[in-house]
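I have a structure I would like to understand better, so I am pasting it below and will then ask my questions one at a time.
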Amino acid sequence: MSIYSGFTRLCKGLAVVLIGGHIVVQILPSAVSYLALIPAKTIPFGWNLVTAGYIEQSIYGVVTSTIGLLIIGKLLEPLWGSREFLKFIFVVNFLTSVCVFITAISLYYITWQEAYLYRPISGFQGVLAGFLVGIKQIIPDQELSLLKIKAKWLPSLALLVSVVVSFFTTESASYLSTVIFGTYMGWIYLRYWQRKTETRLRGDPSDEFAFSTFFPEFLRPVIDPVATILGRILCGRRSETSDESGGYTLGGTSLPGSDPIEASRRR
């Protein structure tokens with residue numbers, strides 16, 4: 001099947017939403033004030049925590065987001081199911097916006113620069129970053145012929161590129177926090193919250209999907225303790241539901257059948 005065909009109905013519908021949102025803000029530029037995430041206006045315009053993710057202000061952004069949604073969605077949606085795929089998009093988009101909002105408010109009180117409060121932030125890049133985490137989960141060792149790297153490094157590469165580009169242009173800095181939080185929220189969702197229909201359990205506790213696997217191996221002894229603390233803060237006891245072998249546990253005993261199913265799914 002060609003990479004340019006076989007797109008799912010849901011992804012086509014979401015692509016129409018992205019394109020429609022871009023057209024709206026081009027025809028009515030004032031709509032950005034109500035639909036994009038502007039921290040100073042989020043209260044009382046709280047809906048922008050949801051709508052911001054679907055509003056692309058530039059033609060480059062809408063083209064990139066639409067292509068990324070169609071191609072990656074064609075891979076992820078059949079494996080997750082349409083309902084779970086849509087749930088992932090909604091949750092990652094919303095939580096990313098919340099984190100960006102909190103970060104902007106915090107930076108304002110640290111620096112007293114009003115630009116953090118009034119800069120409109122929008123775009124689908126947070127969800128796209130979460131999608132890359134999904135690819136890392138399902139085909140980690142698949143080598144991408146175009147980039148000559150394994151799929152598990154795609155989220156880390158996207159983050160690295162975003163950080164590097166942010167040093168050379170002020171405009172891209174507004175996307176950096178979205179990419180960072182989109183990646184992390186995508187991992188949180190898949191690590192602890194995603195429901196597995198075949199096991200009726202949640203998350204992916206395997207060592208191969210630990211947070212430290214986003215970083216070079218020499219940094220992992222430092223990253224693991226920090227990731228464990230953050231996981232317990234955000235997810236409570238969910239971060240303690242896996243043992244060192246990567247299987248589900250209950251009262252210290254591995255649940256039978258979870259590892260073979262997970263291994264089969266990854267293959």
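The values are calculated or read from the model by the stated rules, or taken from the named source; none is laboratory data. What you see is a predicted model, and the numbers here were worked out from it, not measured in a lab. FYI the Cβ positions are ideal-geometry reconstructions off the backbone, even for glycines, and counts take in every protein chain you see. Accessible surface is based on the protein model in full, side chains and every heavy atom, while ligands, DNA and RNA are left aside. Shrake-Rupley method; radii C 1.70, N 1.55, O 1.52, S 1.80 Å.
In whole Hz, with x marking every Gly and Pro, tabulate ³J(HN,Hα) for segment 105-117 from phi via Karplus 6.51 cos²θ - 1.76 cosθ + 1.60, θ = phi - 60°.
So the Karplus estimates, Gly and Pro as x, are 5, 5, 5, 5, 6, 7, 9, 6, 9, 5, 4, 5, 8 Hz.
Please give the contour-minus-distance gain from L230 to R200: 0.36 nm per residue of separation, less the Cα-Cα distance, rounded to one decimal in nm. Intermediate values should be presented prior to the final figure.
Details: separation 30, 0.36 × 30 = 10.80 nm, distance 2.50 nm.
Using 0.36 nm per residue and subtracting the Cα-Cα distance, I get 8.3 nm.
Return the sequence-ordered ³J(HN,Hα) values of segment 27-35 in whole Hz as given by the Karplus equation 6.51 cos²θ - 1.76 cosθ + 1.60 applied to θ = phi - 60°, using x for Gly and Pro.
With the stated coefficients, segment 27-35 comes to 6, 10, x, 5, 5, 4, 5, 9, 9 Hz.
Ok, one more. Using modelled backbone amide H atoms (1.01 Å from N, in-plane), which distant-in-sequence or interchain residues come within less than 5 Å of R202's amide H?
Those qualifying (amide H under 5 Å, at least 5 residues apart or on another chain) are K196.
Please report the carbon-and-sulfur percent of the accessible area for segment 1-67; probe 1.4 Å, protein heavy atoms only, DNA, RNA and ligands left out.
74
Moving to a separate point now. Stretched out fully, how many nm does the piece from F215 to L86 gain, at 0.36 nm a residue minus the Cα gap?
Numbers: separation 129, 0.36 × 129 = 46.44 nm, distance 2.82 nm.
Net length gain for the segment: 43.6 nm.
Given the whole protein assembly as supplied and a 1.4 Å probe, what does the accessible area of R195 come to in Å², nearest 10?
So the heavy atoms of R195 present about 110 Å² to solvent.
Still on this model: Give the dimensionless ratio obtained when the Cα radius of gyration of segment 68-210 is divided by 2.2 N^0.38 Å.
Taking N as the residue count of segment 68-210, the ratio is 1.11.
Can I ask one more? Roughly speaking, what is the centre-to-centre gap between segment 27-44 and segment 188-222 when only Cα atoms are used, to the nearest Å?
Going from one Cα centre to the other spans 35 Å.
Keeping every protein chain present and rolling a 1.4 Å probe, give me the accessible area per residue for segment 76-115 in Å².
56
Moving to a separate point now. DSSP loop chymotrypsin sites (Phe, Trp or Tyr not before Pro) in segment 36-138 with at most 16 other Cβ atoms within 10 Å of their Cβ, which ones? Each step should come with its number before you reach the end.
Numbers: sites: F45, W47, Y54, Y60, W80, F85, F88, F90, F94, F101, Y108, Y109, W112, Y116, Y118, F124, F131; in loops: F45, W47, W112, F124.
Listed in order of number, the matching sites are F45, W47, W112.
Now, a different point. What distance in nm separates the two pseudo spin-label positions at L107 and L75, each 7 Å out from Cα along the beta-carbon direction?
Placing both labels 7 Å beyond Cα along the Cβ direction yields 3.0 nm.
With every protein chain in place, what's the accessible area of E143 (1.4 Å probe, Å², nearest 10)?
Surface open to solvent at E143 totals about 110 Å².
Also, quick follow-up: Please list, in chain and number order, the residues 5+ apart from I121 or on another chain whose amide H is under 5 Å from its amide H, with Hs placed from the backbone.
When sequence neighbours closer than 5 places are left aside, the close amide H contacts are L37, I38.
Also, I was wondering about something else. With θ set to phi - 60° and the Karplus curve 6.51 cos²θ - 1.76 cosθ + 1.60, what are the ³J(HN,Hα) couplings of segment 59-65 in order, to the nearest whole Hz, using x for Gly and Pro?
So the Karplus estimates, Gly and Pro as x, are 5, 4, x, 5, 5, 4, 5 Hz.
Over segment 121-194, with every protein chain in place, what whole percent of the accessible area is carbon and sulfur at 1.4 Å, could you tell me?
70
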